[in-house]
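Asks: Okay, here's the structure, questions in a sec.
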Amino acid sequence: MSNLSMDIYRKLYLIRKSEEEIRRLYPENEMKTPMHMSMGEEAIVVGVCHALSHDDQVFGTYRSHALYLAKTENTDNFFAEMCGKVSSMQKGKSGSMHLCDPNRGFMGASAIVASHISVAVGAAFANLRLKNKKMVAVFFGDGAIEEGTFWESLNLACLMKIPVLFVCEDNGLAVHTSESERHGYDSITDIVGKFKCNVLKEESTDAETIYKLVLKAIKLNEENQMPCFLHLKYYRYLEHVGINEDFNIGYRSKNEYIDWAKRDPIKLQKSKLLALGYGKELEIIELQIDKKIEKSIFLAKKAPFADESELYKDIFSDNEAVI
Amino acid sequence: MATMTYRQALAKAMREALRDNPKTVLYGLGVTDHTGIFGTTLGLEKEFGKERVFDTPISEDAMTGLGIGLALSGYYPIHTHIRNDFMLLAMNQLVNSAAKYKYMYGGCFTVPMLVRGVIGRSWGQGAQHSQSLQSLFSHVPGLTVIMPSAAQSIMDCYRYAVNEYKSPVISFEHRLQYDYSFEVKERRDDQNPFTSYLIRKGSDVTIVAVSVMVQEAQRAAKYVKEKAGIEVEIIDINCLTHPDVDMILESVKKTGKVIVADTSWASFGVCAEVARIIAVNAPDSLKVPLKEISMAKSPCPTTKALEKHFYADMGDIVDNIYQLCSGKEKHNQSLPDEEYKKTLYKEFKGPF
């Protein structure tokens, strides 16, 4: 119990602290990339990724800071890419919205809503045929359900018995548009449940609860060879894009945030560990992470940018003779 | 030298793709039905198994995404569309995902895959089954677009795509060509086939053409040689995204007279692109203004009465050659009559 709880806290704290650093440093204008911040969703990505193995694969959206850090814990590459430096494995071509790390199973993040879902189904289909036991989880918001390609992908996975985890992170908002202005139905889980698909849902902000739910999803898949749709609620703390709160605009109420913040995923996990008497250990972990992030930011700031030749690299196949 | 129809070359290329690369998978609506993508995939499900050759739901977008996911995992997907018009439903995946998956992630991934789209023409294909959408895709860095004009190009380009090339390739096959016979030689192993081909040498006029317009250009070249002794040079662009620019410029500098013959609309298309290449690199090389042969700038009408005005054929190319060589629009040379053309064209009968 304690090791699991501590590991989960470590990831939660790493993500939150990294984004707090982005909020602190963004005004310096060294991170020239649109920030779609993850604050509020940490329990979902940590819960899911902790249930996955190192080789399992994830596909994310433009809001993937938390997913990237939960899956890879690679703050060096994270901050290098945020600063657009050549020391990042993406060499500054990805920025905040297209994070990836194929060595740790992070297979890409798309800024076109829902477009990565079918790609994830394809990767899961490949794994099924390769019999390599790799699981694929694809993360998307509730807005993605309004895209036709979500239904095409769901139908395909159900038809072909592809064991993908559809992870719907539902924050009730598409940019600033509420679900009441977008949904011609009441319950998405009821509808998806009519497909040959396992369906699980949860509103908890407890990463351990999500973790256990995902273990159940994986077990269900092993039993009945069907994909699983996980409907998970969370609250987006900050504006759609940017590092600020936006409760003053009026499309949502700060009272909603206050309610959710009472069960903030990082505070919740910390309070559980404190209650178990792990205060000292928490201090050590937090200090280690603070130092790790500080070093990553230092390295990122120090690193050079790519030179102009990088502009024309990796467009076509490497054996392309004429460009 | 052996002969082979375009259809036979496609069937052979599909079979060899599955035989030579164990990671090839072939799918698309109708791939396993009794028509087998106009006879190019028949028997392959039986030979290679339904794991590798399979039919699909009508979900062009998701099936393209599935292909990208397969490609990321080491497979080589071949996705077929019985009309390239349906590829517009996969435009998002092709343009926003496939074209960018390598670049956007700093080279961390490659997406080798082949998308086959068939261009329809004649027998009332109408506005939505006759488009020729190569320029839309050629516009986007990251997509390699080919338009094989002959059986040899099919064999060379598809083999190279499947076994050596590590980027998404989109191939536009012209339905009219399926029954044409072509001479084929031993494959050109040592050459990258994603380039342009010099089809015919000549000193008077250059025709830069793609797809079935290469055949039309050859017919026109033969006609004007016999009737007027005019020597036409023909360049088959073949790979629209990677044309042999030097080959085009060298020919234009030699003849000073250029006709561009495309299967689609002229503006923003192959005609516009070839004119751009010449204008940018050799603006003084044209002795007379460039001529463009293209579809009329309208959607394709269904009735034959209107359709015949929509498409250009070898007669239009001959007319343009005479105009260029005489320097006059009214050149007084006789054009090929309907009887002459009938000996060239196999009448295409529907439904497809």
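What follows is calculated from the coordinates using simple rules that are stated; it is not laboratory data. As the structure is a computational prediction, the values presented were derived from the model and not from experiment. Note that we place each Cβ from the backbone using ideal geometry, even for glycine, and neighbour counts take in every protein chain shown.
Asks: Using the crude model of +1 on Lys and Arg Cβ and -1 on Asp and Glu Cβ, and no other charge, please compute the dipole size for chain B relative to its Cα centre, in debye to 20. List each step's numbers first, then the result.
Replies: Working: 40 positive and 40 negative charges, 13 e Å.
Dipole magnitude for chain B comes out near 60 debye.
Asks: For chain B, which longest stretch is free of loop sites, where a loop site is one of the trypsin sites (Lys or Arg not before Pro) that DSSP puts outside H, G, I, E and B and that has at most 13 other Cβ atoms within 10 Å?
Replies: Longest site-free region, per DSSP loop and neighbour criteria: B:51-184.
Asks: Something else now. Name the aspartates and glutamates eligible as straight-distance cross-link partners of residue A:85: C-alpha to C-alpha under 18 Å, and not fewer than 8 places from it in the same chain.
Replies: Filter leaves A:21, A:28, A:30, A:76, A:101, A:294, A:307, A:308, A:310, A:314.
Asks: Same structure, new question: Restricting the count to DSSP beta bridges whose residues both fall in the stretch B:2-184, what percent are antiparallel, rounded to a multiple of 5?
Replies: 15 percent
Asks: If you don't mind, there's one more thing I want to ask. Within the stretch A:238-303, which GluC sites (Glu not before Pro) sit in a loop by DSSP and count at most 16 neighbouring Cβ atoms inside 10 Å?
Replies: Here the sparse-neighbourhood loop sites are A:245.
Asks: Cα convex hull of the stretch B:89-170: mean projected area in nm², to one decimal? Could you put the intermediate results ahead of the total?
Replies: Details: hull surface 24.3 nm².
For the stretch B:89-170, the mean projected area of the Cα convex hull comes to 6.1 nm².
Asks: Within 13 Å, Cβ to Cβ, of residue A:119, how many net charges do the neighbouring residues add up to if Lys/Arg are +1 and Asp/Glu are -1?
Replies: Once all neighbours under 13 Å are counted, the net charge is -1.
Asks: Once both labels are modelled 7 Å past Cα along the beta-carbon direction, what's the residue B:296-residue B:279 spacing in nm?
Replies: Rounded to a tenth, the inter-label distance reads 2.6 nm.
Asks: Would you work out which of A:251, A:184, A:61 lies farthest towards the positive end of the dipole of chain A, given +1 charges on the beta-carbon of Lys and Arg and -1 on that of Asp and Glu, about the Cα centre?
Replies: Going by the charge dipole, the pick is A:61.
Asks: How many angstrom separate the Cα center of the stretch B:74-121 from the Cα center of the stretch A:257-275?
Replies: Result: 45 Å between the Cα centres.
Asks: Please list the non-local residues whose amide H lies under 5 Å from the amide H of residue A:199, H modeled 1.01 Å from N, same-chain partners needing a gap of 5 or more.
Replies: A:229
Asks: Name the most mobile residue of B:211, B:122, B:298, meaning the one with the largest mean-square fluctuation, in a Gaussian network model of chain B with Cα contacts below 10 Å.
Replies: Looking only at B:211, B:122, B:298, the biggest GNM fluctuation is shown by B:298.
Asks: Quick one: of the DSSP bridges fully inside chain A, what percent are antiparallel, nearest 5?
Replies: 10 percent
Asks: Still on this model: What list of ³J(HN,Hα) couplings, whole Hz, do you get for the stretch B:203-220 from phi and the Karplus terms 6.51, -1.76, 1.60, once you set θ to phi - 60° and write x for glycine and proline?
Replies: For the stretch B:203-220, the Karplus-derived couplings read 10, 9, 9, 9, 10, 9, 9, 10, 6, 5, 5, 5, 5, 4, 5, 5, 5, 5 Hz, x marking Gly and Pro.
Asks: In terms of the Cα gyration tensor, with a ≥ b ≥ c the square roots of its eigenvalues, is the stretch B:182-331 rounded because a/c is under 1.5, prolate because a/b exceeds b/c, or oblate? Each step should come with its number before you reach the end.
Replies: Working: a/c = 1.32, a/b = 1.16, b/c = 1.14.
Cα axes put the stretch B:182-331 in the rounded bin.
Asks: Using a Förster radius of 41 Å, what is the FRET efficiency between residue A:159 and residue B:198 based on their Cβ-Cβ separation? Nearest 0.05, please.
Replies: About 0.30, to the nearest 0.05.
Asks: Would you mind checking the pairs A:233/B:102; B:297/B:328; A:134/A:313; A:17/A:262 and listing those with alpha carbons more than 22 angstrom apart?
Replies: Over 22 Å apart, Cα to Cα: A:233/B:102; B:297/B:328; A:134/A:313.
Asks: May I have the convex hull volume per residue, in Å³, for the Cα set of the stretch B:2-184?
Replies: With only Cα atoms used, the stretch B:2-184 gives 108 Å³ per residue.
Asks: With a sphere of radius 12 Å drawn around the Cβ of residue B:71, what net charge do the other residues whose Cβ falls strictly inside it have (Lys, Arg +1; Asp, Glu -1)?
Replies: +3
Asks: Hey, another quick one. Check cross-link reach from residue B:50 to the aspartates and glutamates: straight Cα distance under 13 Å, and skip same-chain residues fewer than eight apart.
Replies: Of all the aspartates and glutamates, those that pass the test against residue B:50 - Cα under 13 Å, at least 8 places apart if same chain - are B:33.
Asks: Taking just the alpha-carbon atoms of the protein assembly as shown, what radius of gyration and Dmax come out, in angstrom?
Replies: 28.8, 102
Asks: While we're looking at this one, here's another question. Each label point is 7 Å from the Cα along the Cα-to-Cβ direction; what then is the distance between the points at residue A:252 and residue A:146, in nm?
Replies: With each label point 7 Å from Cα toward Cβ, the separation is 1.5 nm.
Asks: Whole-Hz ³J(HN,Hα) for each residue in the stretch A:69-74, computed from phi via Karplus 6.51 cos²θ - 1.76 cosθ + 1.60 with θ = phi - 60°, x for glycine and proline: what do you get?
Replies: Karplus-based 3J(HN,Hα) across the stretch A:69-74 equals 6, 5, 7, 10, 6, 8 Hz.
Asks: Over the stretch B:9-103, one equal point on each Cα, no solvent: what is log10 I(q)/I(0) by the Debye formula at q = 0.18 Å⁻¹?
Replies: -0.81
Asks: I've got another one for you. Could the peptides B:62-72, A:165-175 be put in order, highest first, of the mean number of other beta-carbon atoms found within 10 Å of their residues?
Replies: On the way: B:62-72: 29.4, A:165-175: 21.4.
So the order, starting with the most tightly packed, is B:62-72, A:165-175.
Asks: Could you check what % of the DSSP bridge pairs in the protein assembly as shown are antiparallel, to the nearest 5?
Replies: The antiparallel fraction comes to roughly 15 percent.
Asks: How shielded is A:107-113 by partner chains, expressed as the average number of their Cβ atoms within 10 Å of its Cβ atoms? Don't jump to the answer; show the numbers that get you there.
Replies: Working: counts 7, 10, 2, 6, 2, 6, 0.
Taking the mean over all residues of the peptide, I get 5.
Asks: Using r as the Cβ-Cβ distance of residue A:275 and residue A:305, and R0 as 35 Å, what FRET efficiency do you calculate, to the nearest 0.05? Please list the in-between numbers first.
Replies: On the way: r = 47 Å, r/R0 = 1.35.
E between residue A:275 and residue A:305, to the nearest 0.05, is 0.15.
Asks: Let me ask you something else. If a/c stays under 1.5 just call it rounded; otherwise compare a/b with b/c (prolate if a/b is bigger, oblate if not). Do that for chain A, with a ≥ b ≥ c from the square roots of the Cα gyration tensor eigenvalues. Walk me through the intermediate numbers first.
Replies: On the way: a/c = 1.35, a/b = 1.07, b/c = 1.25.
In terms of gyration-tensor shape, rounded.
Asks: What does the structure give for B:92-105 when I average, per residue, the other chain Cβ atoms found within 10 Å of the residue Cβ?
Replies: Working: counts 6, 6, 0, 1, 5, 7, 1, 2, 7, 7, 7, 10, 12, 15.
So the per-residue partner count for this stretch is 6.
Asks: Please give the charge dipole size of the protein assembly as shown, origin at the Cα centre, charges +1 on K and R Cβ atoms and -1 on D and E Cβ atoms. Round to the nearest 20 debye.
Replies: 800 debye
Asks: In addition: So what is the relative contact order for chain A, in percent, with contacts set as C-alpha pairs under 8 Å and at least six apart?
Replies: 24 percent
Asks: Please compute one quarter of the surface area of the Cα convex hull for the stretch B:227-287 and express it in square nanometres.
Replies: Directional mean of the projected Cα hull area for the stretch B:227-287 stands at 4.8 nm².
Asks: By its C-alpha gyration tensor, with a ≥ b ≥ c as the square roots of the eigenvalues, how is chain B shaped: rounded for a/c under 1.5, else prolate for a/b larger than b/c, else oblate? Display every interim value, and only then the final one.
Replies: Working: a/c = 1.83, a/b = 1.54, b/c = 1.19.
Prolate is the answer for chain B, as a/c is 1.5 or above and a/b outweighs b/c.
Asks: Using a Förster radius of 60 Å, what is the FRET efficiency between residue A:298 and residue A:130 based on their Cβ-Cβ separation? Nearest 0.05, please.
Replies: Computed FRET efficiency for residue A:298 and residue A:130 comes out at 0.90.
Asks: Give the value in nm², to one decimal: projected area of the alpha carbon convex hull of the stretch A:157-237, averaged over all directions.
Replies: Average projection, Cα convex hull of the stretch A:157-237: 5.9 nm².
Asks: By the scheme Lys and Arg +1, Asp and Glu -1, what is the net charge of all other residues having a beta-carbon under 12 Å from that of residue B:310?
Replies: +1
Asks: Now for a different question. Using every Cα-Cα pair within the stretch B:118-218, state what percent have a distance larger than 24 Å.
Replies: Numbers: 1404 of 5050 pairs.
Of all Cα-Cα pairs in the stretch B:118-218, 28 percent lie more than 24 Å apart.
Asks: Enumerate the whole-percent occupancy of each 5 Å bin, from 0 to the last occupied one, for all C-alpha pair distances of the stretch A:259-323.
Replies: Each 5 Å bin holds this share of Cα pairs: 3, 12, 11, 11, 10, 9, 9, 7, 8, 8, 6, 4, 1.
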